[in-house]
1. Please give the number of the condition residue 318 fails out of (1) closer than 30 Å to residue 81 by Cβ; (2) in a loop (DSSP other than H, G, I, E, B); (3) without any contact (Cβ under 8 Å) to a residue 12 or more places away in the chain.
2. What single numbered condition from (1) more than 17 Å from the chain's Cα centre (by Cα); (2) under 13 Å from residue 83 (Cβ atoms) fails to hold for residue 141?
3. Of the residues 200, 205, 189, which is assigned to a helix (DSSP H, G or I), surrounded by 24 or more Cβ atoms within 10 Å (Cβ to Cβ), in contact with a helix residue (DSSP H, G or I) (Cβ under 7 Å, 6 or more places away or on another chain) and at pLDDT 95 or above?
4. Could you please give the count of residues in the stretch 116-136 that are touching a residue at least 40 places away in the same chain (Cβ under 8 Å), more than 19 Å from residue 315 (Cβ to Cβ) and in a loop (DSSP other than H, G, I, E, B)?
5. Could you please let me know if residue 134 is in contact with a helix residue (DSSP H, G or I) (Cβ under 7 Å, 6 or more places away or on another chain), surrounded by 15 or more Cβ atoms within 10 Å (Cβ to Cβ) and over 27 Å from residue 352 (Cα atoms)?
6. Give all pairs with beta carbons closer than 7 Å in which a residue from the stretch 275-299 that is touching a residue at least 60 places away in the same chain (Cβ under 8 Å) meets a residue that is part of a loop (DSSP other than H, G, I, E, B); count only pairs at least 6 apart in sequence or on separate chains.
7. If a residue counts only when it is within 15 Å of residue 151 (Cα to Cα) and touching a residue at least 40 places away in the same chain (Cβ under 8 Å), which strands (runs of 3 or more DSSP E) contained entirely in the stretch 5-111 have at least 3 such residues?
8. It is to be established whether one or more residues within the stretch 241-258 are at pLDDT below 95, in the same structural domain as residue 298 (by TED's automatic domain parsing) and under 14 Å from residue 302 (Cα atoms).
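The values are calculated or read from the model by the stated rules, or taken from the named source; none is laboratory data. These numbers come from a predicted model, not from an experiment. Here the Cβ positions follow ideal geometry from the backbone for every residue, glycine too, while neighbour counts run over all protein chains shown.
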């Protein structure tokens, strides 16, 4: 079938909306009409740094309606409202023990450009176009494996839900699935973008007594306080480590680092109390740390977390229920754009004027 998609042909190029061909779903796959899709920093990385082969259709926070199912599909039916998340094999040890975010084929299935059977679904004449995260949601229709498609309630605005598939799931899941803070403990969230703000909302759900938000934009710090932060610190204006240590009685129990900025990573370690745990979710370049003084001497832990260590088909419906109950108001992060405004949405995301852009396709 013919669809409209945002095609990326070369490193750093702007998105171009073009007509492309989409093959029918195969066994265990579904055809989905995309209603909306989030704009995520990972899409910008793929566009600009060449982590996936070009040409490709990016997009990996899609929401939509199932239109057709392939053979052997049992969990979905035409008309279902769905959110699409990351691809995983469902067969390796990590998938089978509830950790599909570290699937042994994660990089291949999400960044390799091909579907699980090593073939393509997107074409333009004789040219094959890569698929991203097993979905390529920067298109009016997608074909995805049922394994990474999550059925959601029809009584919630479907256009709002796409970011639950990656960025928002990452922040909330890092707190609720991996760190699992004890009631009444303290946590610091470094970076108040969509991931960090989702972590703040999750920390409030978990019952953290002190929630420190750290950023360099006062507007985002104000939003962080609205969403549950008890302290807001502008890293350009105060000594973050001193402020946290003074207010928390020696440092926080937990930290979530979402900026990927090496000096901020060090801050998050220095502002932990003994036995504190820091979860790194930002894409961080090579950097140096003093293992003895920053970690071992005080029994601290630093862990990496991908996609919030989530099982999407279990965790995303939980987030929807929290949202319906008024406990996870992630709609406050969102700004909507039409599909043909995709380049503007990425620009606004980069300059900080939009926390979580969502493109409406239908």
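1. Of the numbered conditions (1) closer than 30 Å to residue 81 by Cβ; (2) in a loop (DSSP other than H, G, I, E, B); (3) without any contact (Cβ under 8 Å) to a residue 12 or more places away in the chain, the odd one out for residue 318 is (2).
2. Condition (2) is where residue 141 drops out.
3. 200
4. Selection size over the stretch 116-136: 5.
5. Yes, satisfied.
6. 279/305; 281/258; 281/305; 282/191; 282/258; 282/259; 282/260; 283/260
7. 29-38, 62-69, 81-84
8. Taking every residue of the stretch 241-258 in turn, none turns out to be at pLDDT below 95, in the same structural domain as residue 298 (by TED's automatic domain parsing) and under 14 Å from residue 302 (Cα atoms).
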